[in-house]
Amino acid sequence: QALTQSLLYLDNVSVVFDGFRALNALSLTIEEAEMRAIIGPNGAGKTTMMDVITGKTRPTKGEAVFAGVHDLTKMDEAAIAQLGIGRKFQTPTVFDMHTVEDNLLLALKEDRRAFSNIYWRRTPHEKERIDALLERIRLKDHRLRKAAELSHGQKQWLEIGMLLAQEPRLLLVDEPAAGMTDQETADTADLLRDIAKTQSVVVVEHDMQFVRDLDVKVTVLHEGSVLAEGSLDHVSANERVIEVYLGR
Ligand code: ADP
């Protein structure tokens, strides 16, 4: 019962592809306003886990409870997104030809058929929300620049801002630090920590320095289930974790 009070509860989730077990009775809980880092070698099941949470992949067995709603594994992707789960893939999908603030406006509006000038007028409420988002993603000074002119890191932040416009309760982020400069990586850790004050964040990451910067509880996946969980120092000292990483 206590587990279903968590924001997200994966209960014994298995995913089998043509006889191959990508997830093997995986159980996991994420609390409200918690940030969790998910690590593990290639093929451990990290992507499959995110696909199950967002409804892209249907598990062979198991359940997923989100914010008291049973059962994500029986819902489609659109319905799950409506419940407040946002996902950031590695490649940013911002609108290059639009300015930073227009990208955020597009994300705020339900209707994206931007065929008239009226579309781009902001209500006072939209202006306020855009300002708050710009502050959060550290792009205030770049609001009038076209997204195409942003650095790789800034584009990633803009896309995070576009996801935040939908006010998700849980944000799933796939390797946010990939391809970033050291400074951008450190800023991204700050940005995510700031988001996690109010929303839950699950970060799949390979870069151990970045995971260290995040300074959050880590879950190590291996062969589709949880191998170890705890602080990065705690899981790094685990013999099975060492074996899995050195044995690659
Ligand atoms: P990770 O993200 O940790 O690298 P994945 O979740 O991508 O791991 O993959 C887990 C395993 O499942 C891999 O061995 C992969 O080849 C396999 N797999 C993933 N998706 C499919 C699919 N659609 N069909 C068949 N096998 C898949």
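Per residue, the convex hull around the alpha carbon atoms of segment 192-248 comes to 87 Å³.
Our analysis of segment 15-123 gives Rg over Rh at 1.07, with the two radii drawn from alpha carbon positions and Rh computed by the Kirkwood formula.
If you take the Cα centroid of segment 69-108 and the Cα centroid of segment 17-35, the two points sit 21 Å apart.
Volume per residue of the convex hull around the Cα atoms, evaluated for segment 58-113, comes out as 122 Å³. Taking each of 109/197; 109/155; 46/146 in turn, the alpha-carbon distance tops 30 angstrom for 46/146.
Size descriptors for the chain, from the alpha-carbon set: Rg then Dmax equal 18.8, 61 Å. Scanning residues 5 or more positions from residue 202 or on other chains, those with amide H under 5 Å from its amide H are 36, 171, 172, 173, with H placed 1.01 Å from N in the peptide plane. D by Stokes-Einstein for segment 172-218, Kirkwood Rh over Cα pairs, 20 °C, 1.002 mPa s: 201 µm²/s. When peptides 128-137, 68-77 are sorted by average Cβ neighbour count within 10 Å, with the highest value leading, the order is 128-137, 68-77. Around the Cα centre of the chain, unit charges on the Cβ atoms of Lys, Arg, Asp and Glu (plus for the first two, minus for the last two) sum to a dipole of about 640 debye. With bins 5 Å wide beginning at 0, the percent of Cα pairs of segment 118-167 falling in each bin runs 5, 20, 30, 26, 15, 5, 0.
Within the chain, the longest run free of chymotrypsin sites (Phe, Trp or Tyr not before Pro) that sit in a DSSP loop with at most 16 other Cβ atoms within 10 Å is 116-248. By other beta-carbon atoms within 10 Å, ranking 142, 98, 125 with the fewest at the front produces 125, 98, 142.
The value obtained for segment 76-158, namely the Cα convex hull volume divided by the number of residues, is 115 Å³ per residue.
Summarised in one figure, the compactness ratio Rg/Rh of segment 58-201, Cα atoms and Kirkwood Rh, is 0.99. Debye-formula intensities of segment 125-226, expressed as log10 I(q)/I(0) at q = 0.14, 0.17, 0.20, 0.24 Å⁻¹, are -0.56, -0.80, -1.07, -1.44 (one equal scatterer per alpha-carbon, no solvent).
Coordinate-derived values only; no laboratory data. Remember, predicted model here, so these are calculated numbers, not experimental data. FYI the Cβ positions are ideal-geometry reconstructions off the backbone, even for glycines, and counts take in every protein chain you see.
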